[in-house]
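Report on one structure; see the data block that follows.
The values are calculated or read from the model by the stated rules, or taken from the named source; none is laboratory data. In this text the structure is predicted, and so the values were computed from the model without any measurement. Ideal geometry is used to build each Cβ from the backbone, glycine not excepted, and the neighbour counts take in all protein chains shown. Side chains included, ligands, DNA and RNA excluded: accessible areas come from the protein's heavy atoms. Shrake-Rupley method; radii C 1.70, N 1.55, O 1.52, S 1.80 Å.
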Amino acid sequence: MASYLKLDHVDKSFRRGAVETEVLKDINLDIARGEIVSMIGHSGCGKSTLLNLIAGLANVSAGAVLLEEREVNEPGPERAVVFQNHSLLPWLTVYENVALSVNKVFSGVKSRAERHAWIMHNLDLVQMAHAKDKRPAEISGGMKQRVGIARALSMQPKILLLDEPFGALDALTRARLQDSVMQIHASLKNTMIMITHDVDEAVLLSDRIVMMTNGPSATIGEVLTVRLERPRKRLELVADSTYIAAREAVLKFLYERHRLEAA
Ligand SMILES: Nc1ncnc2c1ncn2[C@@H]1O[C@H](COP(=O)(O)OP(=O)(O)OP(=O)(O)O)[C@@H](O)[C@H]1O
Ligand SMILES: [Mg+2]
């Protein structure tokens, strides 16, 4: 069976002068269409590097990233990225920030009226339509992340790539956004790859959790399938044995088998 996204023997090294550091070594992963996959691993192991390779923001040193059997080697709107620190343009309104992407991707395809409707539709998806005329400085961090997600979704990406999207948010805002992501996924069935440091977030959202070993030469240590029905409700999961076992498996991986030794 052909996979939707395939990481095929991916290596990545960075060279500084004569020194070459191998960050990622022999990464192999197949992701199915519609799957939510989380990546978890200690700081510096190479998670963002891997996401950048999938985004086409950096190139592999060996191996290949394949989306629908086509090699990825440059950025494209079919792989939209949401970064931890929302990257909205401060001089544009919420609406204009989303419009920028929509106009880039759909200017030849959708009419002006259709583009307007599509921008509003995506702002509605993240419950931000009411703030469409505000500028980033006038809205909260959680709201900015919502707009970042709307902007990414508005490109109708094949894959949504999220690099610690809720890392800078307080726990309650984070929980609300996690719920939003689950709702969006339930209606759009989009494929998502999300980096997180939060074990509960990984278990709550993911179909599979990819656990990375420590660098240098980090690779995939284990992949855990989270066999929990959707829709998932956080309060019900607290006492669910499958949830508890998944959480424990990830914690054991991170803090027993691949503990980050103090330098
Ligand atoms: N452009 C670059 N040039 C040189 N080295 C880099 C570059 N980008 C990343 N690295 C190195 O690659 C390693 C992995 O970095 P990366 O940002 O992917 O880690 P991470 O797992 O995302 O960490 P964190 O959890 O802290 O975000 C680090 O040692 C980093 O210094
Ligand atoms: Mg990172």
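If you go through the range 222-263, how many residues are touching a helix residue (DSSP H, G or I) at 6+ places or on another chain (Cβ under 7 Å) and free of Cβ contacts under 8 Å to residues at least 40 places away in the same chain?
Selection size over the range 222-263: 6.
So, of the residues in the range 146-174 that are small (Gly, Ala, Ser) and buried (at least 16 other Cβ atoms within 10 Å of the Cβ), which turns out to be nearest to ligand 2 (Cβ to nearest atom)? Don't jump to the end; show me each part of the working.
In the first step, residues of the range 146-174 are kept if they are small (Gly, Ala, Ser); the result is 148, 150, 152, 154, 167-168, 171.
Adding the requirement that they be buried (at least 16 other Cβ atoms within 10 Å of the Cβ) leaves 148, 150, 152, 154, 167.
Values: Gly148: 16, Ala150: 23, Ala152: 17, Ser154: 24, Gly167: 9 Å.
Step by step, filter the range 146-174, then rank; the result is Gly167.
Can you pull out the residues in the range 27-63 that are surrounded by 15 or more Cβ atoms within 10 Å (Cβ to Cβ), over 26 Å from Ile184 (Cβ atoms) and more than 16 Å from ligand 1 (Cβ to nearest atom)?
Across the range 27-63, the qualifying residue is only Gly63.
Working only within the range 68-88, note down all residues that are open to solvent by 50 Å² or more (accessible area, probe 1.4 Å), under 21 Å from His130 (Cα atoms) and not hydroxyl-bearing (Ser, Thr, Tyr).
Initial filter on the range 68-88 (open to solvent by 50 Å² or more (accessible area, probe 1.4 Å)): 68-71, 73-75, 77-78, 83-87.
Going one step further and asking which of them are under 21 Å from His130 (Cα atoms), we end up with 86-87.
The one that is open to solvent by 50 Å² or more (accessible area, probe 1.4 Å), under 21 Å from His130 (Cα atoms) and not hydroxyl-bearing (Ser, Thr, Tyr): His86.
Which residue pairs have Cβ atoms under 7 Å apart, sit 6 or more places apart or on different chains, and have a first residue in the range 114-126 that is closer than 24 Å to Gly141 by Cα and in the same structural domain as Lys144 (by TED's automatic domain parsing) and a second that is open to solvent by 40 Å² or more (accessible area, probe 1.4 Å) and assigned to a helix (DSSP H, G or I)?
Here the result reads Ile119/Tyr95, each pair linking the range 114-126 to a residue that is open to solvent by 40 Å² or more (accessible area, probe 1.4 Å) and assigned to a helix (DSSP H, G or I).
Quick one: in the range 11-26, which of the residues that are free of Cβ contacts under 8 Å to residues at least 60 places away in the same chain and open to solvent by 40 Å² or more (accessible area, probe 1.4 Å) is farthest from ligand 2 (Cβ to nearest atom)? If you could, list the steps in order and put the result at the bottom.
We begin by selecting, within the range 11-26, every residue free of Cβ contacts under 8 Å to residues at least 60 places away in the same chain; these are 11-20.
Cutting the leftovers down to open to solvent by 40 Å² or more (accessible area, probe 1.4 Å) gives us 14-20.
Working: Phe14: 14, Arg15: 20, Arg16: 19, Gly17: 24, Ala18: 26, Val19: 21, Glu20: 21 Å.
Going through the qualifying residues, I end up with Ala18.
Just to be sure before I move on: is Leu237 surrounded by 16 or more Cβ atoms within 10 Å (Cβ to Cβ), more than 24 Å from Arg33 (Cβ to Cβ) and not acidic (Asp, Glu) in the structure I sent? Break it down stepwise before answering.
Values: surrounded by 16 or more Cβ atoms within 10 Å (Cβ to Cβ): yes; more than 24 Å from Arg33 (Cβ to Cβ): yes; not acidic (Asp, Glu): yes.
Taking the combined requirement at face value, the residue satisfies it.
For Glu256, are the conditions met, namely being in a helix (DSSP H, G or I), modelled with pLDDT under 95 and more than 16 Å from ligand 1 (Cβ to nearest atom)? Let's see the steps before the verdict.
On the way: in a helix (DSSP H, G or I): yes; modelled with pLDDT under 95: yes; more than 16 Å from ligand 1 (Cβ to nearest atom): yes.
Taking the combined requirement at face value, the residue satisfies it.
Checking the conditions here, which among Ala186, Ala218 is in the same structural domain as Asn52 (by TED's automatic domain parsing) and within 19 Å of Thr49 (Cα to Cα)? Working first, answer last.
Values: Ala186 fails: within 19 Å of Thr49 (Cα to Cα).
Residue meeting the stated conditions: Ala218.
List pairs: first residue in the range 128-143 and within 16 Å of Arg174 (Cα to Cα) and exposed (fewer than 15 other Cβ atoms within 10 Å of the Cβ), second residue of a type outside the set (D, E, K, R) and at pLDDT 95 or above anywhere in the structure, Cβ distance under 9 angstrom, at least six positions apart or on different chains.
none
Residues that are at pLDDT 95 or above and more than 24 Å from Gln145 (Cα to Cα): does the range 47-60 have at least one?
Yes, the range 47-60 contains at least one residue that is at pLDDT 95 or above and more than 24 Å from Gln145 (Cα to Cα).
Identify, please: which residue in the range 175-197 is open to solvent by 40 Å² or more (accessible area, probe 1.4 Å) and in contact with a Gly (Cβ under 8 Å, 6 or more places away or on another chain) and is, among those, farthest from ligand 1 (Cβ to nearest atom)? It would help to see each step written out before you state the result.
Pass one, the range 175-197, residues open to solvent by 40 Å² or more (accessible area, probe 1.4 Å): 176, 179, 183, 186-189, 197.
Retained after the next criterion (residues that are in contact with a Gly (Cβ under 8 Å, 6 or more places away or on another chain)): 176, 189, 197.
Details: Arg176: 23, Lys189: 27, His197: 6 Å.
Among them, the one singled out is Lys189.
Just to be sure before I move on: is Ala64 more than 24 Å from Val226 (Cβ to Cβ) and among the small types (Gly, Ala, Ser) in the structure I sent? If you could, list the steps in order and put the result at the bottom.
Details: more than 24 Å from Val226 (Cβ to Cβ): yes; among the small types (Gly, Ala, Ser): yes.
Yes.
Away from ligand 1 (no atom under 13 Å from the Cβ), at pLDDT 95 or above and closer than 18 Å to His9 by Cβ: does that describe Val94? Before the answer, list the steps.
On the way: away from ligand 1 (no atom under 13 Å from the Cβ): yes; at pLDDT 95 or above: yes; closer than 18 Å to His9 by Cβ: no.
For Val94, the condition - away from ligand 1 (no atom under 13 Å from the Cβ), at pLDDT 95 or above and closer than 18 Å to His9 by Cβ - is not met.
Exactly one condition in (1) away from ligand 1 (no atom under 16 Å from the Cβ); (2) assigned by TED's automatic domain parsing to the domain that holds Thr49 is not met by Pro136; state its number.
(2)
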